[in-house]
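J.: Got a structure here, written out as structure tokens. Questions coming.
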Amino acid sequence: MRNVVILGSGCAGNTAAIYAARANLKPLVVSGHEAGGQLALTTLVENFPGFPEGVDGPVLVENMKQQAIRFGAEYWDGAALDADFSARPFRIDVEGQWIETRTVIVASGASARWLGLPGERKLIGHGVSSCATCDGFFYRGKSIMVVGGGDSAMEEANFLTRFGREVTLVHRRGEFRASKIMLDRARHNPKIRFLPNTVVEEIHDVEKLLVTGVRLRDVQTGKTWDQEVDGFFLAIGHIPNTKIFRGQIETDADGYIVSKGGARTNIPGVFHAGDVRDRVYRQAITAAGAGCMAAIEVERYLEEVGH
């Protein structure tokens, strides 16, 4: 019987593990499909407090993991495949093995949507990004491309004009899903150029392990052409990793966990942390803060119910 099982090993899960381990709860951390979370896909992180020269994303999450292990956390590779929160103790299927636990922290994150282009994943951190706030700074005076048609695409494009000399906004349709106010703001920004009815067919250059340009196609005429870009940002949404909890943990229409205050879900003893609930900030530091909150809630809950 476990006191707490933490699902996810990004900033939220690892921070929760540090706090729970220091409270002598001996947490079990299930690494998840994307061990290390979004930071494992980045290179230099310059906005996490305490690192004046920046720190590599994978190094940061590995250091958090080792810190948690030092205090008694246990880590399992693999992912949760199923969960039963209908009775106590809670039961979780980790790669075919069912385990029982008094409490759960869901820190399984949200995965960025990708275009699925050849080489796209290989260029993450080398010019391809899904986070303007994280990586915009690296493209001062450079040419930037943003793909998307919703509010987040408009927001990212506007934000990136602070750094880039020009921002091209590519959208596969002629109409945009973005709200009128966000669309107008982008349209009135002289640095943003719109390319509607256009899709990206290829990102160059995987050989050089650096984004140098893209191959574009006009969906109406079929015409293709190459355009030089230095930074390529995806703003086509995220998918919260909550599929196995549907029908148990309350989520919104997009699958994000609905918070019941603090780190609480609709199920007493099951808590949330990080991007699995946060559709607004999605930063390493906010995820870490949420992991801290969830672990403190777990500790208080176990004291109340007795363990």
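J.: I'd like to compare 202-214, 40-52: which one has the highest average count of other Cβ atoms within 10 Å, and what's the full order after that?
T.: On the way: 202-214: 16.3, 40-52: 14.5.
Going by the mean number of other Cβ atoms within 10 Å, highest first, we get 202-214, 40-52.
J.: Let me ask something else about it. Residues of the range 164-187 with amide nitrogen under 13 Å from the 7 Å Cα-to-Cβ point of Asn197?
T.: 171-175
J.: Express in nm, to one decimal, how much length is gained between Trp225 and Arg91 on full extension, taking 0.36 nm for each residue of separation and deducting their alpha carbon distance.
T.: On the way: separation 134, 0.36 × 134 = 48.24 nm, distance 5.34 nm.
Residue separation times 0.36 nm, minus the Cα-Cα distance, leaves 42.9 nm.
J.: Tell me which residues come under 5 Å, amide H to amide H, from Gly237 once H is placed; ignore anything under 5 positions away on its chain.
T.: Those qualifying (amide H under 5 Å, at least 5 residues apart or on another chain) are Arg113.
J.: Classify the range 121-234 as rounded, prolate or oblate, taking a ≥ b ≥ c as the square roots of the eigenvalues of its Cα gyration tensor: rounded when a/c is under 1.5, otherwise prolate if a/b is larger than b/c and oblate if not. Mind dumping the intermediate values first?
T.: On the way: a/c = 1.84, a/b = 1.14, b/c = 1.62.
It is oblate, given that a/c is not under 1.5 and a/b is not larger than b/c.
J.: Measuring from a point 7 Å past the Cα of Leu81 along Cα-to-C-beta, which residues in the range 94-120 have an amide N at less than 11 Å?
T.: Once the point is set 7 Å along Cα→Cβ of Leu81, 94-98 turn out to lie under 11 Å by backbone N, inside the range 94-120.
J.: Then there is this: What is the distance, in nm, between label points placed 7 Å from the Cα along the Cα-to-Cβ direction at Leu209 and at Asn47?
T.: My value for the distance between the label points is 2.6 nm.
J.: Helix hunt in the chain: which complete DSSP H runs extend at least 15 Å axially by C-alpha with mean Kyte-Doolittle at least -1.0? Write out the running numbers ahead of the final one.
T.: Values: long enough: 11-22 (17 Å, 0.47); 57-70 (20 Å, -0.29); 284-305 (32 Å, 0.69).
Both cut-offs are met by 11-22, 57-70, 284-305.
J.: OK, next. Would you mind calculating the gained length between Arg185 and Arg246 on full extension (0.36 nm times residue separation, minus the Cα-Cα distance), in nm to one decimal? Can you show the working numbers first?
T.: Values: separation 61, 0.36 × 61 = 21.96 nm, distance 3.65 nm.
Length gained, Arg185 through Arg246: 18.3 nm.
J.: With unit charges on the beta carbon (Lys/Arg positive, Asp/Glu negative), name the residue among Val270, Phe232, Pro196 whose Cα is farthest towards the positive pole of the charge dipole of the chain.
T.: Towards the positive end, the residue furthest out is Pro196.
J.: When each pair of different Cα atoms in the range 244-307 is counted once in the 1/r mean, what is the Kirkwood radius in angstroms, to one decimal?
T.: Details: mean 1/r = 0.0817 Å⁻¹.
In the range 244-307 this quantity evaluates to 12.2 Å.
J.: While we're on this one: Order of Asp278, Asp230, Asp93 from fewest to most other C-beta atoms within 10 Å? Please list the in-between numbers first.
T.: Details: Asp278 22, Asp230 18, Asp93 15.
Listing Asp278, Asp230, Asp93 from fewest to most nearby Cβ atoms yields Asp93, Asp230, Asp278.
J.: For every helix of n ≥ 4 consecutive DSSP H residues, a contribution of -39,500 (n - 2.57) applies; sum these over the chain, divide by its total residues, and give [θ] at 222 nm rounded to the nearest 500 deg cm²/dmol. Mind dumping the intermediate values first?
T.: Details: 6 runs with 70 residues, N = 307.
Roughly -7000 deg cm²/dmol at 222 nm, from the helical runs in the chain.
J.: Something else: How high is the FRET efficiency between Asn24 and Thr133 when r is their beta carbon distance and R₀ equals 25 Å, given to the nearest 0.05?
T.: Details: r = 36 Å, r/R0 = 1.44.
Computed FRET efficiency for Asn24 and Thr133: 0.10.
J.: Sticking with this one: Quick check: pseudo-label points 7 Å beyond the Cα along Cα→Cβ at Ile239 and Arg121, how many nm apart are they?
T.: For Ile239 paired with Arg121, the spin-label model returns 1.2 nm.
J.: Sticking with this structure for a sec: Could you work out the relative contact order of the range 121-234, using alpha carbon pairs under 8 angstrom and six or more residues apart, expressed as a whole percent?
T.: Working: 246 pairs, mean separation 35.9, N = 114.
After rounding, I find 32 percent.
J.: Still on this structure: Over the range 1-144, what relative contact order in percent results from Cα pairs under 8 Å that are six or more residues apart? Show your work: numbers first, answer last.
T.: Numbers: 256 pairs, mean separation 41.6, N = 144.
Reported relative contact order: 29 percent.
J.: A further question on this structure: Lys180: which aspartates and glutamates have alpha carbons under 17 Å from its alpha carbon, excluding same-chain residues fewer than 8 sequence positions away?
T.: Within reach: Asp151, Glu155, Glu156.
J.: Okay, next question. Enumerate the amide H contacts of Gly213 below 5 Å, restricted to partners 5 or more residues apart or on another chain; note that Pro and chain-start residues carry no placed amide H.
T.: Amide H neighbours of Gly213: His204, Asp205, Val229.
J.: Using all alpha carbons of the chain, what is the percent of pairwise distances in each 10 Å bin, ordered from the shortest bin to the longest?
T.: Answer for the chain: a P(r) of 6, 26, 30, 21, 13, 3, 0 percent.
J.: Then there is this: Holding the Cα-Cα limit at 28 Å, pick out from Lys191/Lys223; Lys26/Lys122; Lys122/Lys243; Lys142/Lys223; Lys142/Lys208; Lys208/Lys243 the pairs that are longer than that.
T.: Numbers: Lys191/Lys223 25 Å; Lys26/Lys122 36 Å; Lys122/Lys243 26 Å; Lys142/Lys223 26 Å; Lys142/Lys208 18 Å; Lys208/Lys243 37 Å.
Beyond 28 Å: Lys26/Lys122; Lys208/Lys243.
J.: If a cysteine in the chain has no other Cys Cβ under 4.7 Å from its own Cβ, put it on the list, ordered by number.
T.: Lone cysteines by the Cβ rule: Cys11, Cys292.
Computed from the coordinates by the stated procedures, all read-outs in this text should not be read as laboratory data. Computed from a prediction, not measured in an experiment: that's the story for all the values here. Cβ atoms come from the backbone with ideal geometry, glycine included; neighbour counts cover every protein chain shown.
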